[in-house]
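Student: Would you mind keeping the following structure in view while I ask a few things?
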Amino acid sequence: MANKRLSKSQFMMGLQCQKRLWLYNYRKDLIPPIDPAQQQIFDQGHAIGELARNYFQGGTLVSADYMHIPEAIKHTAELVSGKTKAVYEATFVYDNVLVRADILKRNSDGSWDLIEVKGSTEVKDEHLYDVAVQRYVIEGAGIKIRKAELMHIDNTFVKDGEIKPKDFFTRQDITKETKELIPEVKENLKDFMKTLSAAKEPDIDIGQHCSSPYSCDFCGHCWKGIPEYSIYDIPRLKWEKKNALREMGILKFRDVPEDFDLNDGQRLYWQVERTGRTILDKEQIQEFLDKLEYPICHIDFETIMPGLPLYDGTRPYQQIPFQVSLHIQDKPGAEPTHCEFLADGKADPRPELTKFLVSNIGTKGTLLAYNAAFEKKRIEELAEAFPKHRKALLALLDRFEDLMKPFQQRAYVHPKFQGRYSIKNVLPALIPDMTYKGMAVANGGDAQIAYLNILSGKLSPEAVEQTRKDLIAYCGQDTLAMVKILEHLGDIV
Ligand code: SF4
């Protein structure tokens, strides 16, 4: 197996978990198809990569793709010996490792600067290894690297017209850090080749590495024996403790020994799971209900977070609300009235959404959200962006209460919550006939993808129409769910 060739991404897999590397090479059949969320991330990475090339103009792209590596290597060699100012996607093989550098910039002394582009807003540890392995290969292939840099998004950037790469990106010199990692890279490579020469997958247990620094494609394979509501679901339990339980052969939360070191909250969840009994602090729930004033306006936003800002005045990865649903109840038990706003996808959704909020929320009563910090933050941002409505929007903030509180503060713990208190866990336990199962848009992530699909302009008019219906059904369900949960709390106290 000595001739097995690794790509940079396989090197990164090996660093995360050598079992992942082995499975990737021999059990690709276990990799689930790319889901729309991953596709969205890839597309965004692609768009950021293209913008980065404009930072270093006058370069040439090695356009041969992964299916045509010999051509890519040949083209890179021609460009390196020619006069181009920079090579984008420069492709090299050395020591059985293949890398494609985002940008190689030519210097006047014949050396090159290696620039890796990332869509993050900071340098992370894994980025250093990513660039170190590129350096190892490119230098091994005979190219002199003067400087290694990581170019990432500047999180202070605010869009104002066309995005200029020099304003959007910031560059960090990581020459020293990556040089120091090269001996480690060499050792890693030896190790990885040894792993790949084995006939069987390495015996590596599941753990924190399955989701860090990247979520692994083989979780479906390695985690398949883990029962529902396992030790891995215990809220805020440190990995050392999970691993200790695993070593004791304990997998189900209910089987955790009585004397195991759990904090108060974890112990309470354990008791609920063990006894199957619901914890209900009626006094605390009543205190919460007493704070609410009718009319109660149940509110929920849906947002997108584009890395490349779409609208002037917004930052990379800023939460942009594009949809809001309101269910307004005048008095306890009254039939709520529903109204909603969903942007048409043609322009910045925030001005129209702001007008909708100001004209529909009213001036009295409680604003009730589930995880209210999120809704409050969006309103603060809108107030900052639209000074004309600032006063009216800021006045809303003091009227917020959080429907999540009774569950988060463990005044109400149902065995079916399984230690969680998100609305997606609470609702089916308390109101079994209301579920998100089977909905085309069933969570905030789906809503984000659905709206970005509308923005992409790639959907047919019929598909846009259907997607809008799905979004409306989902966001409306979230606020109606809150109405039902509140009614339920009222009933039980
Ligand atoms: S799921 Fe975890 S243990 Fe399995 S290959 Fe991935 S990282 Fe390794």
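Taken together, the values in this text are just the output of simple stated rules run on the coordinates, not laboratory data. Note that this is a predicted model, so its numbers are computed, not measured. Virtual Cβ from ideal backbone geometry, glycine too; neighbours counted across all protein chains shown.
Student: Within 10 Å, Cβ to Cβ, of P309, how many net charges do the neighbouring residues add up to if Lys/Arg are +1 and Asp/Glu are -1?
Tutor: Taking every other residue near P309 into account, the sum is 0.
Student: If r is the Cβ-Cβ distance from E240 to S215 and R0 is 35 Å, what FRET efficiency results, to the nearest 0.05?
Tutor: 0.95
Student: Of the DSSP beta bridges with both residues in the chain, give the percent that are antiparallel, rounding to the nearest 5.
Tutor: Of those bridges, close to 70 percent are antiparallel.
Student: Which GluC sites (Glu not before Pro) in region 219-323 sit in a loop by DSSP (not H, G, I, E or B) and have at most 12 other Cβ atoms within 10 Å of their own Cβ?
Tutor: E228, E258, E293
Student: Could you give me the ³J(HN,Hα) list for region 234-241, computed from phi with Karplus coefficients 6.51, -1.76, 1.60 and θ = phi - 60°, whole Hz, x at Gly and Pro?
Tutor: Result, ordered by residue: 5, x, 6, 7, 5, 4, 4, 6 Hz.
Student: At 7 Å along Cα-to-Cβ for each site, give me the label-to-label distance between L30 and N443 in nm.
Tutor: Here the answer is 2.3 nm between the modelled labels.
Student: With everything on Cα atoms, drop me the angle between helix 264-275 and the longest principal axis of the chain, reported from 0 to 90° to the nearest 10.
Tutor: Approximately 70 degrees, to the nearest ten.
Student: Turning to a different aspect of this structure: What angle, in degrees between 0 and 90 and rounded to the nearest 10, separates the Cα long axis of helix 125-140 from the longest principal axis of the Cα atoms of the chain?
Tutor: Value to nearest ten degrees: 20.
Student: OK, next. If I model a spin label as a point 7 Å beyond the Cα along the Cα-Cβ vector, how far apart are those points for R254 and K416 in nm?
Tutor: Roughly 1.6 nm, to one decimal.
Student: What is the chain's relative contact order, in percent, from Cα pairs under 8 angstrom and six or more apart in sequence?
Tutor: Taking the mean separation of contacting Cα pairs over the length of the chain, I get 13 percent.
Student: Right, here's the next one. Which length gain, in nm to one decimal place, applies between K200 and C339 when the Cα-Cα distance is subtracted from 0.36 nm times their residue separation?
Tutor: Fully extending the segment from K200 to C339 adds 44.2 nm.
Student: Which FRET efficiency, nearest 0.05, do R315 and F374 yield, Cβ-Cβ r, R0 22 Å?
Tutor: Working from the Cβ atoms, E equals 0.80.
Student: Could I ask something else about it? Quick one: net charge around A64, please, counting Lys, Arg +1 and Asp, Glu -1 for every other residue with C-beta under 14 Å from its C-beta.
Tutor: Numbers: positive: K74, R100; negative: D65, E71, E78, E89.
For residues surrounding A64, the net value is -2.
Student: Given only helices, namely DSSP H runs of n ≥ 4 each adding -39500 (n - 2.57), what is the per-residue ellipticity at 222 nm of the chain, to the nearest 500 deg cm²/dmol?
Tutor: Counting only the DSSP helices, I get -13500 deg cm²/dmol.
Student: At 0.36 nm per residue, and after removing the present C-alpha to C-alpha distance, how many nm does the segment from A37 to K224 gain when stretched out fully?
Tutor: Extra length available between A37 and K224 comes to 65.1 nm.
Student: Can you work out ³J(HN,Hα) from phi for every residue in region 480-485, in order, using Karplus 6.51 cos²θ - 1.76 cosθ + 1.60 and θ = phi - 60°, giving whole Hz and x for Gly and Pro?
Tutor: 5, 4, 5, 4, 5, 5
Student: Please work out whether region 1-83 counts as rounded, prolate or oblate from its C-alpha gyration tensor, where a ≥ b ≥ c are the square roots of the eigenvalues and a/c under 1.5 means rounded, while otherwise a/b larger than b/c means prolate and anything else oblate? Provide the component values of the computation, followed by the final result.
Tutor: Values: a/c = 2.50, a/b = 1.39, b/c = 1.81.
Judged from the Cα gyration tensor, region 1-83 comes out oblate (a/c at least 1.5, b/c at or above a/b).
Student: Here's something else I'd like to know. I'd like the distance separating the alpha-carbon centroids of region 307-346 and region 374-389, in whole Å.
Tutor: 12 Å
Student: Right, another one. HN-Hα J couplings of region 457-472 from phi, Karplus 6.51/-1.76/1.60, θ = phi - 60°, integer Hz, Gly and Pro as x?
Tutor: For region 457-472, the Karplus curve yields x, 8, 8, 6, x, 5, 5, 4, 4, 5, 4, 4, 4, 4, 5, 5 Hz.
Student: What's the angle, to the nearest 10 degrees (0 to 90), between helix 175-196's Cα axis and the longest principal axis of the chain?
Tutor: 90 degrees
Student: Can you compute the FRET efficiency between H488 and K388 using 1/(1 + (r/R0)^6), with r the Cβ-Cβ distance and R0 = 45 Å? Round to the nearest 0.05. Spell out each step's value before the answer.
Tutor: Working: r = 39 Å, r/R0 = 0.88.
Here the calculated transfer efficiency is 0.70.
Student: I've got another one for you. Between E352 and L308, what is the spin-label point distance in nm, taking each point 7 Å from the Cα along the Cα→C-beta axis?
Tutor: About 2.3 nm, to one decimal.
Student: Report the per residue volume, in Å³, of the convex hull enclosing the C-alpha atoms of region 180-265.
Tutor: Convex hull volume per residue, Cα atoms: 149 Å³.
Student: Moving on to the next point. For region 283-492, what is the relative contact order in percent, using Cα pairs closer than 8 Å and at least 6 residues apart in sequence?
Tutor: Once normalised by length, the contact order is 23 percent.
Student: Next question. If you average the alpha carbon positions of region 255-295 and of region 162-194, how far apart do those two centres end up, in angstrom?
Tutor: With region 255-295 and region 162-194 each reduced to a Cα centre, they are spaced 47 Å.
Student: I need the shape label for region 353-443. Rule: rounded when a/c is under 1.5, else prolate if a/b > b/c, else oblate, with a, b, c from the alpha carbon gyration tensor.
Tutor: Taking the square roots of the gyration eigenvalues as a ≥ b ≥ c, region 353-443 is prolate.
Student: Here's a follow-up. On a full-extension model of 0.36 nm per residue, what is the gain between Q172 and Y66, subtracting their alpha-carbon distance, rounded to one decimal in nm?
Tutor: 35.4 nm
Student: Please go through region 76-185 and write out the GluC sites (Glu not before Pro) that DSSP classes as loop and that have at most 13 other C-beta atoms within 10 Å.
Tutor: Within region 76-185, the qualifying GluC sites (Glu not before Pro) (loop, at most 13 other Cβ atoms within 10 Å) are E122, E162.
Student: On to the next question. Can you tell me how the chain classifies by the Cα gyration tensor, rounded, prolate or oblate, using a/c under 1.5 as the rounded cut?
Tutor: In terms of gyration-tensor shape, oblate.
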